[in-house]
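*Asks:* Have a look at this one.
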Amino acid sequence: MSRLIAAWQVLFLHRPVLVLLLFSILLLGFASQAPRFSLDASSDALLLEDDADLRFYREIRARYGSDDFLVVTYSRPDLFSDEALADLEALRDALAGVERIASVISILDVPLIQSPPITLTELQELVPDLLHPRTDRALARRELMESPIYRELLISLDGRTTGLLATFAVEPELQALLAGRDRLLEARMRDGPDEARERDIARLSAEIAPWRAIVNARQQADIVEVRKILARHADQAEISLGGIPMINSDMLDYIMRDVLVFGAAILLVLTALLVLIFRQVRWVLLPLISCFACVIIMLGYLGMADWPVTVVSANFVALLLIFTLSLTVHLMVQYRELQTAERISGDRRRLVAETLRRKFAPSFFTAVTTMVAFASLLVSGIRPVIDFGWMMVVGMAVVLVLSFTLFPAALLVLPGGPPAPRDDRMARVTRTFARLVTRWPRALIAVFGSIAVLGLAGVAQLSVENRFIDYFSESTEIHRGMATIDRELGGTTPLDVILDADSAFMARLAGETGDASEPLLDDDDDFFDDYDLGEAAGLGATSFWYNTFRLETVRAVHEYLESLPETGKVLSLATTLDVLRTLNQGEELDTFFLSVLYERLPQEIRAALFDPYLSADGNQVRLAVRVRDSNPDLRRAELLTRIRADLGEGFELEPGQVRLTGMLVLYNNVLQSLFRSQILTVGVVFLAILLMLLLLFRSPVLAAIALVPNMLAALAVLGGMGWAGIPLDIMTITIAAIAIGIGVDGAIHYVHRFRAEFAQRRDYLVSIERAHQTTGRAMYYTALIIAAGFATLTLSNFIPTIYFGLFTAFAMLFAMVANLTLLPLLLLRVRPLGEPGPRSG
C-alpha cells in the first residue's frame, strides 16, 4: 500500500496542471458520448430474464393478439347525442391517423345485431354499426350497455363513459428476434448452458436492444401526438389516457426527470450544505468539480456502451453525486485538520501528500465495500436490479479514482488560503455523541437492543404485495387513467386463463392411439348422438373445445372467474355463445349449428367473436380477464394460487390443461422473487463486507464490531417498512444493500482513525474522543449531506422513488448515529486492541 501511495504521488501530485489538462481532454471525450445515453421504461425491462412464463406470454400474445394498446376514456352525460357522436367520430379518425396506430376500436365500429335484430343471412351481407343508417340509436345504446361483450369493455354500466382501444402496429423484426431468443433461453433452461448457444443469446440480445430503443422512441412520439389530439377534444368531454404503452412513455419521462431534475436539485442542496458547513469557496468548488466530472464520465460511458437506464437505476446520478461528495468530504476534513494542526498554508503539496497517505487505505476499502454492496444486487435475478448493481460498481470505481487524482490536482492548482476556522457548532454535536458513550452506556445498549427486536418483528411483517396504481401519485395521468378504467371499464391488469385439451386427446392427436386423420370426436361420443357428423361438422368434429359439451365447461369457468371479487370484465367463448344465441332467436346452440356458423360468419365477425378466444384448431381456449388493480384487497399470489387450485378441483381439469399468463402473472413473478432476492442480496453483502473488513483490520472481532451498527441500520429500515405496511418493490429492495454499503464506509473511517489514535495514546476513552473530533466530524457532515440529497427524491411523482429517498436518508442518519455511539461503545467494552497502557513513543 505504501509503494502504491508513493507511485500515486509521483504521477498525480508533481504535475497537477498536466493532470488537469489530461482530465479535461478525457472529460471532453466522454461528454461527446453523453448524447447517446438512453432510457428504457418498457415493461420487458422490468421482468425476470429467465422467466418461462414470459415466453409463454409472448406465445399467447402472438396467437391471440397484442395487449400493446392505448385506452382512451371519453366521458360525458349525453354520450349518444349527435354532438357527442360527431366528436367521438372525429376523435377516432384522428387517432387512426397516427402513423403507427394499426387500428382503433370504439362503440362506433363494433357490429350491432339487435339494433334492430338482424338474421344470420342478413349478417353475411351486412355488418351494421352505430353510425349505419339502419341502426336505431336507442336500441344500439341498450344493446351496447347490455351486451356481454361490450359492457364494461367499451361502455360503462351507466352509459356515460366509453373507451377507445388504439392498438399499435407490431414490429415484425423485433418480434422475430424476441422469439428466437426465447427459444434459446428455453433450450438453456431445459438442456443447461452451451457455449455456442450463449453466444447466440448474447448476439440476439445485442440486436434486440437497439430495436427496443427504436420502438420505445416511436411509441413515445406517437403518444405525444395522441395527447395533442386528446387536448383538442378536452372541451367536449372528460378524457383520460391509459394502457401499457402510455405507462411506458410516462415512465420514460419520470426517469428523465429523476435523472436531470433531481440530479440538479441534489446538486443545489449539496452546494448549499457545503457553503453552510465549510464557508470557503475552494471547499465548495473542489467537491463540485469532482461530482461534475464523475457524472460526465458515467453518462458518456453508458452512452458509449449502449447501456440504457431503467426506472430502477434512474437514481444513479444522484447516488454518484452523493458518493463522490462523501469521499471528498473525508479528504477535505483531513486536509483542514492537518492544515490547522501544522499552521502551514504554503507547503500545500506536503499537506496534500500527507492527506492522501492517511486517507488512502480507509477510502480504498470504503469504496470497495460499497462496490461489494452494490455487487450483491447481481444475485437478485431481476435484470434492472442487476444492471443497477453493475452501473454502481463501475461508478464507484470512477469515484475512487477521481477522488485521488482530480481532487488533489485541483486542490494544488486552486489558490490557497489560511487555515479554516474551527466550527464549534459541529464540534459540539460530535462531542455530545462521545458523552453519550461514556455517560449512558447502558441506556444506549437498551435503545439499540430494543431497535433490534422491533426491527426483527417488522421484518417478519414485510410483504411484496403492492398495487401498480400505488406507484404513482394521484395527480398523475397514469393514476387517473388506471382509476377510471378500473372503475368504469372493467379493470386494468390483464390475466389470461388458457385451457388446453386433456392429455388423452393430445395423445390421440399426436397419433399415439388411433388414426389422427379421422375426426377426433366421432359418432360414438354420447354428446353427438343426435347428429350425423360428416364433413360439414367441421371444427365441431375435429376440435377438443368447440362443441356444446365442453363449451359448458368454458361457461362454468367463465362464471367462476366473474364471481371473484378481484376481477372485472371477463371475455371468452362463453361471451361469444351469448351473442350467437341471440342470432339463433334465443334457442340453445348445438355442435352442428356452431360448426356451420363458424364457417359461414363474415371474417370481421369471426375476428371479433372467435379469434381472441379460440385457437385455429379449436384445441385451446383463452379466457381474457381484467383484474381491478385499485382493489385494496388485491393479493396477486393468493389470487393466482386460488384460481389454479379451484380450476383443478372444481372443474376436473388436469394440471397440465390450465395455464395462467398475462401481465398480472409476470408482475407477480417479479414481486415474489423480491423476497428471495432481498435475502440473497443482504446475505451476500454482509458476508462480502465482513471479508473486506477482515482483510482491512486483520481482526475478526474488530471486523464484527464495525459491521454490527450497520446491520442494525439495515434492520431498522426493513423493520420500519414492515411496521409501516410498505411492501418491497423493485426499488426498495436495493435500500438495505445501499444502507449497509454506505454505513460501513463511516465505520471503516472511524475504526481506522481510532486505531491510529490508540496506537499513540493506548487509551480507549481518549482515542474515542479524538476520533469523534476528527473523523466523527467528517462522518457527521457526510451523513447530513447524503440524507439531504436523498430527501430531495421525495418530490418525485414515482412513489417507489419517494420511498427510496426517504428510507435511504433515514438509513444514513441512523448509521451515522450508530457509528458514533454504538460502535465506540463496543470498542470500549470489548477492547479488541488489547488492554490500555502507556503512550507509545
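The values are calculated or read from the model by the stated rules, or taken from the named source; none is laboratory data. Not measured: the values here are computed from a predicted model. Please note: Cβ atoms are built from the backbone with ideal geometry, for glycine as well, and neighbour counts cover all protein chains shown. Note: accessible area is taken over every heavy atom of the protein model, side chains too, but ligands, DNA and RNA are not part of it. Shrake-Rupley method; radii C 1.70, N 1.55, O 1.52, S 1.80 Å.
Condition check ((1) over 21 Å from Gly490 (Cβ atoms); (2) not small (Gly, Ala, Ser)) across all residues:
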| residue | (1), (2) |
| --- | --- |
| Pro117 | yes, yes |
| Glu143 | no, yes |
| Ser147 | no, no |
| Tyr150 | no, yes |
| Ile155 | no, yes |
| Asp158 | no, yes |
| Ala179 | yes, no |
| Arg190 | yes, yes |
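*Asks:* Next question, about the same structure. Taking the stretch 14-34 only, how many residues are under 11 Å from Thr405 (Cβ atoms) and among the hydrophobic types (A, V, I, L, M, F, W, C)?
*Replies:* Result for the stretch 14-34: 5.
*Asks:* Further question: Kindly list the number of the only condition in (1) in contact with a strand residue (DSSP E or B) (Cβ under 6 Å, 6 or more places away or on another chain); (2) without any contact (Cβ under 8 Å) to a residue 40 or more places away in the chain that fails for Leu694.
*Replies:* (1)
*Asks:* Kindly indicate whether Val127 is modelled with pLDDT under 90 and of a type in the set (Val, Ile, Thr).
*Replies:* Answer is yes for this residue.
*Asks:* Answer with yes or no whether Tyr613 is modelled with pLDDT under 85 and more than 30 Å from Ile451 (Cβ to Cβ).
*Replies:* No.
*Asks:* Just the residues that are open to solvent by 50 Å² or more (accessible area, probe 1.4 Å), in contact with a helix residue (DSSP H, G or I) (Cβ under 8 Å, 6 or more places away or on another chain) and over 25 Å from Arg606 (Cβ atoms), please, taken from the stretch 84-143.
*Replies:* Glu99, Arg100 - these are the residues of the stretch 84-143 that are open to solvent by 50 Å² or more (accessible area, probe 1.4 Å), in contact with a helix residue (DSSP H, G or I) (Cβ under 8 Å, 6 or more places away or on another chain) and over 25 Å from Arg606 (Cβ atoms).
*Asks:* Quick check: anything in the stretch 828-841 within 27 Å of Val447 (Cβ to Cβ), crowded, with 23+ Cβ neighbours inside 10 Å and not basic (Lys, Arg)?
*Replies:* Within the stretch 828-841, not a single residue is within 27 Å of Val447 (Cβ to Cβ), crowded, with 23+ Cβ neighbours inside 10 Å and not basic (Lys, Arg).
*Asks:* Let me ask something additional. Quick check on my filter: what residues within the stretch 92-122 are outside any loop (DSSP other than H, G, I, E, B) and closer than 19 Å to Ile239 by Cβ?
*Replies:* Once the filter is applied, which keeps residues that are outside any loop (DSSP other than H, G, I, E, B) and closer than 19 Å to Ile239 by Cβ, the stretch 92-122 yields Arg92, Asp93, Ala94, Leu95, Ala96, Ile101, Val104, Ile105.
*Asks:* Here is a follow-up. Looking at this structure, is Leu728 open to solvent by 10 Å² or more (accessible area, probe 1.4 Å), touching a helix residue (DSSP H, G or I) at 6+ places or on another chain (Cβ under 7 Å) and farther than 21 Å from Leu327 by Cβ?
*Replies:* no
*Asks:* For the stretch 609-645, give me the residue count where each residue is closer than 23 Å to Tyr64 by Cβ and among the acidic types (Asp, Glu).
*Replies:* Number of matching residues: 3.
*Asks:* Moving on to the next point. Mind checking which residues of the stretch 4-59 are out of contact with any Leu (no Cβ under 9 Å at 6 or more places or on another chain), open to solvent by less than 40 Å² (accessible area, probe 1.4 Å) and modelled with pLDDT of 80 or more?
*Replies:* Hits for the stretch 4-59 are Leu27, Gly29, Phe56.
*Asks:* Conditions first: (1) at pLDDT below 85; (2) open to solvent by 40 Å² or more (accessible area, probe 1.4 Å); (3) assigned to a helix (DSSP H, G or I); (4) over 26 Å from Arg770 (Cα atoms). Asp306 passes all but one, so which condition is the exception?
*Replies:* Result: Asp306 passes all but (3).
*Asks:* Mind checking which residues of the stretch 757-773 are open to solvent by 10 Å² or more (accessible area, probe 1.4 Å) and touching a residue at least 40 places away in the same chain (Cβ under 8 Å)?
*Replies:* Within the stretch 757-773, Ala759, Gln760, Arg761, Arg762, Asp763, Leu765, Glu769, Gln773 meet the criteria.
*Asks:* Mind checking which residues of the stretch 665-685 are open to solvent by 30 Å² or more (accessible area, probe 1.4 Å), more than 30 Å from Tyr57 (Cα to Cα) and touching a helix residue (DSSP H, G or I) at 6+ places or on another chain (Cβ under 7 Å)?
*Replies:* Val684
*Asks:* Still on this model: Give the residue, chosen from Ala314, Ala341, that is open to solvent by less than 10 Å² (accessible area, probe 1.4 Å), at pLDDT below 80 and not β-branched (Val, Ile, Thr).
*Replies:* Every option except Ala314 fails the conditions.
*Asks:* Would you say Arg212 is surrounded by fewer than 18 Cβ atoms within 10 Å (Cβ to Cβ) and of a type in the set (Lys, Arg)?
*Replies:* no
*Asks:* When you check Glu599 against the structure, is it at pLDDT below 85 and in contact with a Gly (Cβ under 9 Å, 6 or more places away or on another chain), yes or no?
*Replies:* yes
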